[in-house]
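Take a look at the structure below.
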Amino acid sequence: MKKVLFSAAALLAFGFANAQDIKTDAGTFSKPTSGTYIMEASMTPNVTGGGIFSLPSLNSDLGLLGIKVRNFSSDSKAIRMGANLSVLNSGEDNVDTEFTVGASIGVEHHMKGAERLSTYWGYEGNVGYVSSNGDDNMDGKFTKFGFGANAFTGFDYYIMPKIYLGVEVSYGLAVTNTTPDGGDGVTKIQLAPGITPSFRMGWQF
């Protein structure tokens, strides 16, 4: 019986010591506070037919770049902004030239979370435009314009001081119009969850 009690006491002491170590180390994983700027990149594996790097809501139709900045106006609120401007022109004959521009803006409300975990919810709107001459694809020359709005929730988990990985899901509305050269435009309206396999990495300034 004494051996059992001694073993239990030793186990509790070991657990308490480890808990103390974790608590002492907490300061190195400080979560963002008022005035913090965060840069984030997100990648969606191309298993759903959308762009590999994308903004929410319009990813499947416009394939917009998923790089954004978050500015914390308080310890629990952040403004998130994303933008993309790209031009593809190889200068070769019979090769696509493409122009893409897009932007998004939203608000995040961060909850208490845990030591390394920052949970949040929010809402945002986005807009994008794509123009392609279609020289070497079956779609021909076309233009696409789209806008959307969605609500989202997610979390950031800090794996190193000021560096985190994250996951996000959303539900929103996307409206896109595709107009082929010399043809009538087709408008697509979609209201659906934005649950796609994605990988997010961010870092604090």
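Points to keep in mind about this one:
- Computed over protein heavy atoms with a 1.4 angstrom probe, the accessible surface ordering of Val169, Val87, largest first, is Val87, Val169.
- Peptides 176-183, 77-84 ordered by average Cβ neighbours within 10 Å, highest first: 77-84, 176-183
- A 1.4 Å probe over all protein chains sorts Trp203, Trp121 by accessible area into Trp121, Trp203, starting with the largest.
- Each of Tyr157, Tyr164 has its accessible area taken with a 1.4 Å probe; listed largest first, they run Tyr157, Tyr164.
- Taking all protein chains as shown and a probe of 1.4 angstrom, Asp184 keeps an accessible surface of around 140 Å².
The values are calculated or read from the model by the stated rules, or taken from the named source; none is laboratory data. In this text, all values refer to a predicted model and were calculated from it rather than measured experimentally. Please note: Cβ atoms are built from the backbone with ideal geometry, for glycine as well, and neighbour counts cover all protein chains shown. Please note that ligands, DNA and RNA were not included when accessible areas were found on the heavy atoms of the full protein model with its side chains. Shrake-Rupley method; radii C 1.70, N 1.55, O 1.52, S 1.80 Å.
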